[in-house]
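Here the structure is laid out as structure tokens; the discussion comes afterwards.
Any read-out appearing in this document is the output of simple, stated calculations on the displayed coordinates, not a laboratory observation. Note that the structure is predicted; figures quoted are calculated from it, not measured. We place every Cβ from the backbone using ideal geometry, glycine too, and count neighbours over all the protein chains shown.
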Amino acid sequence: MCHDIERFLTVTFSGIRIGEEPIIKKLLSQCGLYTTDISEKKLINFLVARWGGEIIGTIGIEIVSDNALVRSLAISDKFRGQGVGKNLSTTIEGYARSKGVKNLYLITTTAEIFFAGRGYTLIPQQSAPENVKNLDEFQRFTAKTAVCMYKKLGVGSI
Ligand SMILES: CC(C)(COP(=O)(O)OP(=O)(O)OC[C@H]1O[C@@H](n2cnc3c(N)ncnc32)[C@H](O)[C@@H]1OP(=O)(O)O)[C@@H](O)C(=O)NCCC(=O)NCCS
């Protein structure tokens with residue numbers, strides 16, 4: 001039996017390797033998330049959490065000038081509630097900052113409380129910048145139940 005703490009300590013974070021696109025898409029699908037627009041090119045700005053040889057979580061950003069859309073946060077069932085999602089969201093923010101991103105946006109029907117806990121605030125969908133609203137991942141959310149959230153990336157903040 002593997003205790004939660006042992007699992008947590010052996011989770012590593014990295015970029016996506018060649019040939020892993022189908023695995024990412026499968027994980028996203030299993031978590032009920034959108035995969036249609038995912039391509040090798042988009043996956044350049046994705047991170048994964050690995051445990052042993054297994055990909056157990058992912059998150060990505062789409063960068064448009066100094067804005068970015070945070071998307072595709074998914075943790076496999078058996079690894080939820082152990083801080084992996086929190087770790088991935090913190091890590092992608094550091095990466096975004098390293099790419100010159102100043103403003104993070106996201107749109108979600110499932111993770112409002114999770115992201116509120118990470119410092120994101122609710123904003124009206126229409127107030128997101130045009131270059132973010134034009135992204136496929138944003139546009140497919142026409143449902144009124146989807147919420148848009150925003151976080152300003154300060155220098156050195158998490
Ligand atoms: C939402 C999700 C990514 C959270 O990942 P996770 O690894 O289980 O989250 P963590 O263990 O890092 O939890 C971090 C915090 O969020 C809270 N949390 C976790 N899942 C949550 C949820 N679904 N709703 C509200 N809060 C949640 C935890 O209690 C914890 O709170 P704390 O910081 O006060 O301790 C995961 O449940 C998931 O993959 N869901 C399905 C896909 C999805 O909806 N993705 C979001 C797309 S925008």
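Take the chain, connect every pair of alpha-carbon atoms lying under 10 Å apart with a spring to form a Gaussian network, then pick out the residue of Glu40, Glu93, Glu137 with the largest mean-square fluctuation.
Glu40
Can you spot the lysines whose alpha carbon is less than 24 Å from Lys26's alpha carbon? Ignore those fewer than 8 places along the same chain.
Within the straight-line cut-off, Lys26 pairs with Lys41, Lys42, Lys78, Lys86.
So what's the back-of-envelope 222 nm ellipticity for the chain, counting only DSSP H runs of four-plus at -39500 (n - 2.57) apiece and dividing by all residues, rounded to 500?
The helix contribution divided over the chain gives -7500 deg cm²/dmol.
If the elastic network links every pair of Cα atoms under 10 Å, which of Thr58, Thr35, Thr145 fluctuates the most in the Gaussian network model of the chain?
It is Thr145.
Any chance you could give the angle, 0 to 90 degrees and rounded to 10, that helix 21-30 forms with the longest Cα principal axis of the chain?
Once rounded, one gets 80 degrees.
Once both axes come from the Cα atoms, what is the angle between helix 84-98 and the longest principal axis of the chain, in degrees from 0 to 90, rounded to 10?
Roughly 50 degrees between the two axes.
Which one, Lys25, Lys102, Lys41, has the greatest fluctuation when you compute a Gaussian network model over the chain with C-alpha springs under 10 angstrom?
Lys41
Taking the alpha carbon gyration tensor of the chain, what are the square roots of 5 times its eigenvalues, largest first, to the nearest whole Å?
Output for the chain: semi-axes of 25, 17, 16 Å.
Just to be sure I understand the model, the point goes 7 Å from the Cα along the line to the Cβ. What's the resulting Ile123 to Glu40 distance in nm?
3.4 nm
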